[in-house]
Amino acid sequence: MIPFSTKVDKIEESQTIAITSLARKLRAEGKNVISLSAGEPDFPTPENVKLAAIKAIQDNFTKYTQNEGIPELREAIAEKFRVENRLNVKAANILVSNGGKHSLFNALQAICNPGDEVIVPAPYWVSFPEMVKLADGVPIILRTSEEKGFTFDAADVERLLSDKTKAIIINTPSNPTGAVISEQSLRDIADLARKKNFYIISDEIYEKIIYDGNKHFSVGSVPEASRLVITASGVSKAYSMTGWRIGFMAADEEIIKRAAKVQSQVTSNASSISQAAALEALRGAQADVEKMRLAFQKRRDLTIARLASISGLTVGRPGGAFYFFPSVKGLFGKSYDGKSLKGSIDVAQFLLAEAQVTLVPGIAFGSDDHIRISYAYSERELTEALDRIAAAVSGLK
């Protein structure tokens, strides 16, 4: 057989997508499965956004657009970043892509050379280390702990620096933990980046989903380090627009030019219709964003105590996003049907088999001691799922 790409063979399939697909398959087979695996708001896209997309279709706005995004949307994104995130940017600093993941991929392709090291704090979003590998980089894992709330600081970063360090990826609020990095820690990391000359890729897709008086801080707003920061965000989470596939990034113009060059040869522009919808999302009424945030906070508050009460699970209080990342170490060594639980995959398979609940094993995020549970679901679904999980766990030997 003719050899396949060794680069592709070295990366893993996205576990979140695989498990979400499995849940859909089981439902199609008539199984009463509750999925808590997808990072996807269950709310409809706001009505004004949908109407803007319909109008775009009716106006025949259905052709190719500029590769970097339509000018009106790039300016709206720049304005959003200037006003909300305090970034010193203009439209030329913006690239619109096919989702937040695409923005991060473009950024890594634009800056990485073979052998460059990219620091990836763990637990991490499943795609971070794999995208580094696809850019011929080497992911260097920065381990965080439950005791520190899965956060980290400049001293933790500095310990991993080498003459090959090209960047660090920061995700705050975090998927999968919901951790929020403090403003002071981000300022210190920005100062370190300036002194040691490495990039910061800041994934801020959950910036509007934040609780308990926490304030989102964009590291790119630190003037002394701004040229080194690539800020990625999008409309998927805040506006419940996951399927519309619009992400965007802000960076120095030289980085944008190179990321746009990559995009021009891989996908070209994002959907014209989705760009029209995203423009309305950013410039239209914002009331739905806050309604969804409050609903997520209520779901978190209603379910966290119940989750913590399940024997063998321990869970922290997420400060943002819509995920729990409970430890399941207390279940290791227990068994069902003669099968012993030894890691997060075993736990996930057990809960699918015995509770018909899907969630994501923590090993996909760099921690085999945990599982990820999304609470981007209705209170009814969350209650039923936790009832099933509690019942299944109580039957372990």
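Taken together, the values in this text are just the output of simple stated rules run on the coordinates, not laboratory data. Note that the coordinates shown come from a computational prediction; the quantities given were computed from them, not determined experimentally. For neighbour counting, all protein chains shown are included, and Cβ atoms are generated from backbone atoms with ideal geometry for every residue, glycine included.
In loop segments of segment 120-207 as defined by DSSP, the trypsin sites (Lys or Arg not before Pro) with at most 15 further C-beta atoms inside 10 Å of their C-beta are LYS148, ARG159, LYS164.
Put simply, the Cα atoms of segment 252-397 extend 58, 36, 25 Å along their principal axes, the longest span coming first. Just check segment 1-125 against the gyration tensor rule for me: Cα atoms, a ≥ b ≥ c as the square roots of the eigenvalues, rounded for a/c under 1.5, and otherwise prolate or oblate depending on whether a/b exceeds b/c. Judged from the Cα gyration tensor, segment 1-125 comes out oblate (a/c at least 1.5, b/c at or above a/b). For ASP9 and THR314 in the same chain, what is the full-extension length gain: residue separation times 0.36 nm, less their Cα-Cα distance, in nm? Stretched out fully, the ASP9 to THR314 stretch lengthens by 106.3 nm.
For LYS55, the lysines whose Cα falls under 19 Å of its own Cα, not counting residues fewer than eight places away in the same chain, are LYS63. Can you give me the angle between helix 379-394 and the longest principal axis of the chain, using Cα atoms only, in degrees from 0 to 90, rounded to the nearest 10? Taking Cα atoms only, the helix is inclined about 40 degrees. In segment 137-254, Rg over Rh equals 0.96, where Rg is the alpha-carbon radius of gyration and Rh the Kirkwood radius from pairwise Cα distances. Taking a spot 7 Å from the Cα of LYS329 along the direction of its beta carbon, which residues of segment 147-170 have an amide N less than 20 Å from it? Counting only backbone N, you get 147-152. Full extension of the chain between ASN60 and THR267 yields a length gain of 72.4 nm, computed as 0.36 nm times the residue separation minus the alpha carbon distance. The distance linking segment 143-202 with segment 289-313 is 27 Å (Cα centroid to Cα centroid, whole angstrom). Hydrodynamic radius of segment 84-198 by the Kirkwood approach over all distinct alpha-carbon pairs: 15.0 Å.
Straightening the chain between SER21 and ASN48 buys 6.7 nm, computed as 0.36 nm per residue apart minus the Cα-Cα spacing. For SER182, SER264, SER174, the sequence from fewest to most other C-beta atoms within 10 Å is SER264, SER182, SER174. Pairs over the 19 Å Cα-Cα cut-off, from the set LYS237/LYS261; LYS10/LYS164; LYS208/LYS291; LYS166/LYS215; LYS164/LYS195; LYS148/LYS291: LYS237/LYS261; LYS10/LYS164; LYS166/LYS215; LYS148/LYS291.
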